[in-house]
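Accompanying notes for the structure given below.
The values are calculated or read from the model by the stated rules, or taken from the named source; none is laboratory data. Computed from a predicted model, the values in this text were never measured in an experiment. Counting neighbours? That spans all protein chains shown, and the Cβs are built from the backbone with ideal geometry, glycine included.
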Amino acid sequence: MTTVGVGIDIVDVARFSRALQRRPALLTRLFTDQERIDSRLAPERLAARFAAKEAVLKTLSSGIGATSWRNIEIHREPSGAPSVRLHGSARDLADRHGVGELHLSMSHTDQTAAAFVVASAPGVTRAG
């Protein structure tokens, strides 16, 4: 696999929580039904998922508005590990950039949520 992009994002949990309180419709605009279930609506978990979506956009050299937030879905594997599922125009963006796989790491405290994404594409593996 060849790395074709990286992205990182950090979100202030309190600020993100206040935004959700002021504009409750953001919850359904930003997150799929499954993301809301997986996060149990905990502000720090939602903030981490939002950071992951921003990091994904950065790996694709795209900005906000390039796709719907819900087209980037942060999925919880049975093991508990996070993964990224792309739908619609987000999948199209990834295809145009040659992205075959997105590798995600997320973390949060009560104050801060962060996510790091590496995009990879099938390629020649170099011997070290």
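Worth pointing out:
- In this structure, Arg49 does not satisfy being modelled with pLDDT of 95 or more and surrounded by fewer than 18 Cβ atoms within 10 Å (Cβ to Cβ).
- Picking from residues in region 1-27 that are more than 16 Å from Leu57 (Cα to Cα) and in a strand (DSSP E or B), the one that is farthest from the chain's Cα centre (by Cα) is Thr2.
- Flag for Glu73 being over 12 Å from the mean Cα position of the chain (by Cα) and not polar (S, T, N, Q): no
- Comparison of Ser62, Ser120, Ser83 shows that the only residue that is at pLDDT below 90 and either surrounded by 14 or more Cβ atoms within 10 Å (Cβ to Cβ) or within 10 Å of the chain's Cα centre (by Cα) (or both) is Ser62.
- Scanning region 28-54 for residues that are in a helix (DSSP H, G or I), closer than 26 Å to Val6 by Cα and among the hydrophobic types (A, V, I, L, M, F, W, C) yields a count of 7.
- Complete set of residues in region 80-109 that are touching a strand residue (DSSP E or B) at 6+ places or on another chain (Cβ under 9 Å), under 13 Å from Leu57 (Cα atoms) and among the small types (Gly, Ala, Ser): Ala90, Ala94
- Which numbered condition Ile72 fails, given (1) in contact (Cβ under 8 Å) with a residue 40 or more places away in the chain; (2) aliphatic (A, V, I, L, M); (3) surrounded by 20 or more Cβ atoms within 10 Å (Cβ to Cβ): (1)
- Scanning region 1-21 for residues that are among the β-branched types (Val, Ile, Thr) and within 23 Å of Thr109 (Cβ to Cβ) returns Val6, Ile8, Ile10, Val11, Val13.
- Residue match in region 35-48 (condition: within 12 Å of the chain's Cα centre (by Cα), farther than 17 Å from Phe116 by Cβ and of a type in the set (Lys, Arg)): no
- Residue ID - surrounded by the most Cβ atoms within 10 Å (Cβ to Cβ), chosen from residues in region 1-46 that are in contact with a helix residue (DSSP H, G or I) (Cβ under 9 Å, 6 or more places away or on another chain) and among the acidic types (Asp, Glu): Glu35
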